[in-house]
Structure formats: C-alpha cells, structure tokens
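For reference, the structure discussed in these notes is given below.
The values are calculated or read from the model by the stated rules, or taken from the named source; none is laboratory data. Predicted model, so just to flag it, every value in this text is computed and none were measured. Cβ: placed from backbone, ideal geometry, glycine included. Neighbour counts: every protein chain shown. Ligands, DNA and RNA are stripped out before the accessible areas are found, and what is left, the full protein with its side chains, is counted by its heavy atoms. Shrake-Rupley method; radii C 1.70, N 1.55, O 1.52, S 1.80 Å.
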Amino acid sequence: PYKYKQDKELFICPEGVYTGQFLYCGKKAQLNVGNVVPLGSLPEGTIVCNVEGKAGDRGKFARTSGNYATIVSQNTDTRKTRIKLPSGTKKVVDSNCRAMVGVVAGGGRMDKPLLKAGNAYHK
C-alpha cells in the first residue's frame, strides 16, 4: 500500500529537475521534464531519456550523462513508436513503453581534460 511521502524510488535525474520537485508517472502525466510517460502519448520530436526496450523493463536506452533519444514517428495502427537513439540508430519499440521526458543530467562530463596519466589510471 502506498503511504504519502513514505515510498522512495531511485530515478535517473534529467537536466532541470530540482530537489523537492514532484515527478509524475503514467498516461495522465503532463509533458514536463522529469515525468515518466508512455511513448504513445508523446508528440513526435520530443526528447526523452531512460527509454524502455520492452514494456515494463524499467528503462534500457539513453541512460548515461548527457544522452537522450528523440521520437521520430508514431504508428497508431500497430501501436509502435520509432525512436532515434544516441548512437544514431533508429529503433522501433512498442508505444506502451515508458520514457522520461528530458536529457540526462551531467552532460559536460567528458569536456574536462584528465591532465595526467594517473587520473586516467584511477578513473
């Protein structure tokens, strides 16, 4: 049973989410950064992250820092959604698969130089 402010879940943090913000999940959730929504209810061109490969597998694609996937097209007849992954490949997944709206936080992680071999060794 759900008790208000008792259940804690670990989420991948998208850019723009702040401490204390309410995140909503489900079909009726609004199109706001951080909300988890089924791909079928999102418009084309929406940037999403933490996308499920199969419905209910809790997110497999576009999970690392700064990454995102883009919704390319929707097919309402077959209930399939075509997404463009960070690698550039296009993948067709079920429209019931969920995704988090936004880009994963920590985007400039690779821009800073390591400066010395020891930093690469202990990385």
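Structure data summary
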| item | result |
| --- | --- |
| The chain - charge dipole about Cα centre, Lys and Arg +1 at Cβ, Asp and Glu -1, debye rounded to 20 | 260 |
| Fraction of beta bridges assigned by DSSP in the chain that are antiparallel (%, nearest 5) | 95 |
| Computed magnitude of the charge dipole of segment 57-99 (debye, nearest 20; Cβ of K, R +1, Cβ of D, E -1) | 80 |
| Cα centroid separation, segment 55-94 to segment 1-24 (Å) | 23 |
| Neighbour cut-off at most 11 other Cβ (10 Å), DSSP loop, trypsin sites (Lys or Arg not before Pro), segment 1-69 | K3, K5, K8, K27, K28, K54, R58 |
| Average accessible surface area per residue within the chain, 1.4 Å rolling probe, Å² | 71 |
| Loop chymotrypsin sites (Phe, Trp or Tyr not before Pro), segment 1-64 (other Cβ atoms within 10 Å of the site Cβ: 12 or fewer; DSSP) | Y2, Y4, Y18, F22, Y24 |
| Cα gyration tensor category, rounded, prolate or oblate, for segment 12-123 with a/c compared to 1.5 | prolate |
| Accessible-area composition of segment 1-90, carbon plus sulfur, in percent [1.4 Å probe] | 52 |
| Positive dipole terminus of the chain, leading residue within G118, C25, N96 (C-beta point charges) | G118 |
| Coil-residue trypsin sites (Lys or Arg not before Pro) of segment 76-117, DSSP, other Cβ within 10 Å capped at 15 | R79, R109, K116 |
| Mean separation of Cα contacts under 8 Å, 6 or more apart, over the residue count of the chain: relative contact order % | 27 |
